[in-house]
1. Can you pull out the residues in region 175-190 that are open to solvent by 10 Å² or more (accessible area, probe 1.4 Å) and at pLDDT below 95?
2. For region 428-454, which residues satisfy the criterion of being more than 17 Å from T322 (Cβ to Cβ), part of a loop (DSSP other than H, G, I, E, B) and either open to solvent by less than 10 Å² (accessible area, probe 1.4 Å) or of a type outside the set (F, W, Y) (or both)?
3. For region 234-262, name all the residues that are within 16 Å of the ligand (Cβ to nearest atom), surrounded by 22 or more Cβ atoms within 10 Å (Cβ to Cβ) and not small (G, A, S).
4. I'd like to know if region 155-169 contains one or more residues that are assigned to a loop (DSSP other than H, G, I, E, B), in contact (Cβ under 8 Å) with a residue 24 or more places away in the chain and of a type in the set (S, T, Y).
5. I want to confirm something. Restricting to region 267-312 and keeping residues that are among the small types (G, A, S) and under 20 Å from T110 (Cα atoms), which single residue is surrounded by the fewest Cβ atoms within 10 Å (Cβ to Cβ)?
6. Which residues, taken from region 204-230, are away from the ligand (no atom under 11 Å from the Cβ) and in a loop (DSSP other than H, G, I, E, B)?
7. Being within 18 Å of W318 (Cβ to Cβ) and open to solvent by 10 Å² or more (accessible area, probe 1.4 Å) is the filter here; which residues of region 193-214 pass it?
8. Could you look through region 360-403, keep only residues that are closer than 23 Å to A143 by Cα and open to solvent by 40 Å² or more (accessible area, probe 1.4 Å), and pick out the one that is farthest from the chain's Cα centre (by Cα)?
Amino acid sequence: MIGSSIRRFRRALLAVGATAALSAGLLTAAAGTSQAATQGPCDLYRAGGTPCVAAHSTTRALYGAYNGPLYQVRRASDNATRDIGLLSAGGYADAAAQDSFCAGTSCVITVLYDQSGKGNHLTQAPAGGAAGGPDNLANAFEAPVTVAGHKAYGVYVAPGTGYRNNNTNGIATGDQPEGMYAIFDGTHFNDGCCFDYGNAETNSLDTGNGHMEALYFGNNKAWGSGSGNGPWVMADLENGLFSGVNRGFNANDPSVNSRFLTAMLKGGPNQWALRGGDARSGGLATFYNGARPNATGYNPMHKEGAIILGIGGDNSKWAQGTFYEGVMTQGYPSDATENAVQANITAAGYDSGSTGTGTLTPGSRISLRATTAPCCTSHYLRHDDADNKVVISTTNSSSSATDKADATWIVRAGLANSSCLSFESADKSGQFLRHYNYELYLDTDNGAGAFAQDATFCPTTGNSGVGTSFQSVNFPTKYIRHYNYTAYTASNGGTNSWDSGTSWAADTSWLVAQPWS
Ligand code: AHR
């Protein structure tokens, strides 16, 4: 039995080696196989004797033979839903299906389907001990990427967003061994509790130490931390984020912030390990490998077998992050199996898809230059560091790195309407340009519908005939405007001082420029 699983595993490793030279895509089977079967991470876990019992991804198939749906979206215009599947078996998400289904409206992700065949799908998390619910659903357009050149969307978890399955099949319970990995956006995190993926309580309550075993990513220091300022990959074992053997500081857990981050956790009887690496290149480093914490309750463990994404075990939902794919296994995967999975991940070809060309394409970075002459043509729209207001100020090549970053925006598909746009700060991840009382602010996306509306603008031909204007989606007579060097949404005549008709057309017209940072 052991011998045959080693043989199977060797075959899988050969498959990895055989395809390392291929430029793109998933791994293929070893030479000599009559059909070019692709291999996904779950084929490698199966070959290692630790099969996946949950496999979630919005970007690609996690088995070479998988050809079912990846996720489901629901659109705002009529509440209709659509499953988003693959371009081909074992391949990549059919993002164009989402684009056309959601055109002219907004969409949220309602289901992350389990590819393992166990039926462990993730849906909207219910209320829990720490916070009411149901949680928000992720906007389907907020995390655009490419995988091997194919457009796809990740799961963008704003605070308040969460997915869960409290009635699973085949997930480890008690002290049973399991493994898991996830690919996160290493630049999107916060210190709220708790951006998790993994095993949690089946009643959404904190039922005590050792009742969870989930990957955590962020810079929360309430229970544990590693070297540097974070973010860190840690293990959420309930009532504690563990960066090493015990709660508190563990120097071996490094700050990790690669754009695409592989995070791995495994745990069995009096043994657990935390590993991680860059999901685009290189191998895995081991951050911890050893005994269970010595605090009461963690040895043996009391895992309950629910699955969470984006929240803590008790539905603590103050964290943010982005998830692209992840799996949970039955059994404790070997380091060799995990290394093969990491090779598969780096070969998959994740990319941010950012063009950086100064175009209004979701994912690209831009700066917005004012057009009103003579006052303001060297001024760019930026957020203030002293408060959360949005202003215009002179920006040029001599400006400080902070000023340049403050004047740089990442274009996102509109949070409330995917045919329009939203603008995320380049240096304040998760914070968007939004109006409030018709003044513009930089504010954290809380996932709520009202925020999405206030943060969505539809580009139109510039009101002055120059450049582009940005029309508020919920107040269509109003456009992004600067007035006395401060930014507003303003109509051409109205009750607020910034609705003044003088220079309104020029003040609401902007040049989409190369990003300052
Ligand atoms: O262990 C950290 C957090 O503590 C858990 O995710 C949550 O259930 C509890 O509040």
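The values are calculated or read from the model by the stated rules, or taken from the named source; none is laboratory data. Here the structure is a predicted model, which is why all the values come from computation and not from measurement. Glycine also receives a Cβ, built like all others from the backbone with ideal geometry; neighbour counts cover every protein chain displayed. Note: accessible area is taken over every heavy atom of the protein model, side chains too, but ligands, DNA and RNA are not part of it. Shrake-Rupley method; radii C 1.70, N 1.55, O 1.52, S 1.80 Å.
1. Answer for region 175-190, where residues must be open to solvent by 10 Å² or more (accessible area, probe 1.4 Å) and at pLDDT below 95: D185, T187, F189, N190.
2. Passing the criteria: N437, A448.
3. Those that are within 16 Å of the ligand (Cβ to nearest atom), surrounded by 22 or more Cβ atoms within 10 Å (Cβ to Cβ) and not small (G, A, S): M234, D236, L237, E238, L241, F242, D253.
4. Scanning region 155-169 turns up at least one residue that is assigned to a loop (DSSP other than H, G, I, E, B), in contact (Cβ under 8 Å) with a residue 24 or more places away in the chain and of a type in the set (S, T, Y).
5. A306
6. N219, K221, G226, S227, G228, N229, G230 - these are the residues of region 204-230 that are away from the ligand (no atom under 11 Å from the Cβ) and in a loop (DSSP other than H, G, I, E, B).
7. Within region 193-214, C193, L205, D206 meet the criteria.
8. Per the stated criteria, the residue is L360.
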